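Take a look at the structure set out below.
The values are calculated or read from the model by the stated rules, or taken from the named source; none is laboratory data. Computed from a predicted structure; not experimentally measured. Neighbour counts run over all protein chains shown; Cβ positions are idealised from the backbone, glycine included.
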Amino acid sequence: MSRNDGLPIAPLRNELDTVPQQKDGEEFLLLHDTSGYSENMLLIAPHALLLCSLFDGKKSIEQVQDEFFASFGSRFDENQIHTLVDALDSNLFLNNDRFQRRREEVDAEYLSLPIRTAVYAGQSYPDNAQALRTFFDDLFREAPAITHPSLPVGIITPHIDLQIGPEVYVPGFQCLKNGEFDTIVILGTSHYSSEDMFLLTEKHFETPSGVLTTDVEFVRTMHAKSGDIFSKLDIAHRREHSIEFPALFIQYLFGNEKKIVPILSTSMEQYLIGNEQPMSSERYRIFLDAFRETIARLGRKVVFIVSVDWSHVGKKFGDNECAERILPVVRITDHQHFQALETCNYKRFYSLLRSSKNASRIDGFSCITTFFDLVKPTSGKLLAYDQWHEQERESGVTYASLVFYADSVSEFGRSNKT
C-alpha cells in the first residue's frame, strides 16, 4: 500500500491469536498465526490491537484515524498506522492478496503429499523417537489395568496439549490395549475448517516414531458410498492436533499393526439452537449410511477414538468473568454431561447442551453425536477428568477420558464379549 493511495486497509486474518507478554514492565500482546501459514510473531501494544479491530477492508487510514479518535479519544498519526500495517503485511497477518497467494502455495504443496508430517513434534511432545518412547513409558508405567467383561467399542479422549494434561489420555487408551479390532476410526474436532460437515483424508500420519498407515481403501469406499458428496480436499488436516495427538498413542501401543481412519467433524452448533437435530440433515444421514455400508463391504473390525476437549471458559473464549470463578460451576455441569453419557442417555446429554445453548463451549458435540448415532453404545464409564486454568489469559479448558461398551453383538461384525 503506497503512502498516499487512500485505499482501504485489509482486515486482520481470523486465524490470529494473541498471548499476553510483558516487556520492560509494560503489557504487550504477542500476535501469531494458529493456522501456520506464517511462522512469524509480532509484539504489539494493546491499543494497537484496538486500532486493528477497525481494519475492515473498507476504511482508509484517515477514516480509521477518525473512528479511533471518536471511540477512544486519542489519535494515531499516519506514519504510525503505515508502520503497523507494513509490519502486519510483511508477517502475512492481513487478509489481502499477498496472504492469499501464500495460502495457495502452502495448500498446493500440502495437497500433493501422500504423508502428513508431524506438526507439533518438539512443541507439544518430544521430536526424537527415543525421547518420545520414554515420554510414553513414563506415562503408562503406573497406569492400572482396566478390565471389563465386554470389549470397548470406543473411547472419548482429550486433544489438549500433551504438555498440559497427558495423564488424562492414559486410562482411555489402556482400555484399548486388549481390544479385537484392526481399524481405529479417529473422530476429531475440526478447529481450522468448516468447509464440510465431515473432512476425511487419505494421507498417512508421520510421527517421530515412523508412519502410521491410513486405511485408504476405507476412505475411498466411504466417498464412493456417499456419492462423493463430501470434500476430498484435506487442508483441514494440515495443522489439526485432534488427530495428531491420538495417533501418537496408537503408534506407541500398537506400532503400525493397526490402520486408522482420520475424520474431522465440523461444528453442529446450529442443532443446539434451532428446532432441527443432526438427523434432520440429509448430509449427516448420508455419512452414517456410507460408514455402515463401508463396514459391511470391507468387513473391518472397528473401534472409535472420539478426540474432544470439554468446556472452554473465561475471557479468552468470550466470557466476561475470569475462568477462576467459572471453573467450579463448570465442574458440576461437566459431570452432569458425563452422567448422561455413562448411562448412554444421549437424549439427556443433548437436552443439557441444548438448554444451555452449549454455554461452556464443549468442542466435541458433533463428534460425540456421530459416535452415538453410529455405534449406539449401551454403557459407559468416566475414567479421568481434569481442568486447566490458564491464569495469564484468565481462561480454562476441561478434559476427560471415557470408555463405552455395547451389547453382545456389535454392528461392526464382532462379538463384544471377552
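Does PHE68 count as under 20 Å from PRO8 (Cα atoms) and part of a loop (DSSP other than H, G, I, E, B)? For PHE68, the condition - under 20 Å from PRO8 (Cα atoms) and part of a loop (DSSP other than H, G, I, E, B) - is not met.
For the range 246-276, give me each residue that is over 14 Å from SER190 (Cβ atoms) and among the hydrophobic types (A, V, I, L, M, F, W, C). ALA247, LEU248, PHE249, ILE250, LEU253, PHE254, ILE260, VAL261, LEU272, ILE273, listed by residue number.
In the range 154-199, which residue that is part of a loop (DSSP other than H, G, I, E, B) and over 17 Å from the mean Cα position of the chain (by Cα) is farthest from GLY380 (Cα to Cα)?
Filtering the range 154-199 for residues part of a loop (DSSP other than H, G, I, E, B) gives 158-165, 175-182, 190-197.
Retained after the next criterion (residues that are over 17 Å from the mean Cα position of the chain (by Cα)): 175-182.
Values: CYS175: 12, LEU176: 14, LYS177: 17, ASN178: 17, GLY179: 16, GLU180: 18, PHE181: 19, ASP182: 22 Å.
My answer is ASP182.
Being under 23 Å from ALA359 (Cα atoms), touching a residue at least 60 places away in the same chain (Cβ under 8 Å) and of a type outside the set (S, T, N, Q) narrows it down to one residue among ILE273, ILE263, ILE286; which is it? Walk me through it before giving the result.
Numbers: ILE263 fails: under 23 Å from ALA359 (Cα atoms); ILE286 fails: under 23 Å from ALA359 (Cα atoms).
Going through ILE273, ILE263, ILE286 in turn, just one is under 23 Å from ALA359 (Cα atoms), touching a residue at least 60 places away in the same chain (Cβ under 8 Å) and of a type outside the set (S, T, N, Q): ILE273.
Looking at ASN96, ASN79, ASN91, just one residue is farther than 24 Å from GLN21 by Cβ, in contact with an Asp or Glu (Cβ under 9 Å, 6 or more places away or on another chain) and not assigned by TED's automatic domain parsing to the domain that holds SER209, and that residue is ASN96. In the range 79-117, the residue that is farthest from THR213 (Cα to Cα) out of those that are surrounded by 14 or more Cβ atoms within 10 Å (Cβ to Cβ) and of a type in the set (Asp, Glu) is ASP89.
Residue-by-condition table, conditions (1) under 23 Å from the mean Cα position of the chain (by Cα); (2) over 24 Å from LYS232 (Cα atoms); (3) not basic (Lys, Arg):
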{"position": "VAL261", "(1), (2), (3)": "yes, no, yes"}
{"position": "TYR271", "(1), (2), (3)": "yes, yes, yes"}
{"position": "SER280", "(1), (2), (3)": "no, no, yes"}
{"position": "ARG300", "(1), (2), (3)": "no, no, no"}
{"position": "VAL303", "(1), (2), (3)": "yes, no, yes"}
{"position": "PHE317", "(1), (2), (3)": "yes, yes, yes"}
{"position": "VAL329", "(1), (2), (3)": "no, yes, yes"}
{"position": "LEU352", "(1), (2), (3)": "yes, yes, yes"}
{"position": "LYS357", "(1), (2), (3)": "yes, yes, no"}
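From the list PHE249, PHE287, PHE317, exactly one residue is buried (at least 16 other Cβ atoms within 10 Å of the Cβ), in contact with a Lys or Arg (Cβ under 8 Å, 6 or more places away or on another chain) and of a type in the set (Phe, Trp, Tyr). Which is it? Spell out the reasoning first.
Numbers: PHE249 fails: in contact with a Lys or Arg (Cβ under 8 Å, 6 or more places away or on another chain); PHE287 fails: in contact with a Lys or Arg (Cβ under 8 Å, 6 or more places away or on another chain).
Being buried (at least 16 other Cβ atoms within 10 Å of the Cβ), in contact with a Lys or Arg (Cβ under 8 Å, 6 or more places away or on another chain) and of a type in the set (Phe, Trp, Tyr) holds for just one of PHE249, PHE287, PHE317, which is PHE317.
Scanning the range 11-31 turns up no residue that is among the β-branched types (Val, Ile, Thr) and part of a loop (DSSP other than H, G, I, E, B).
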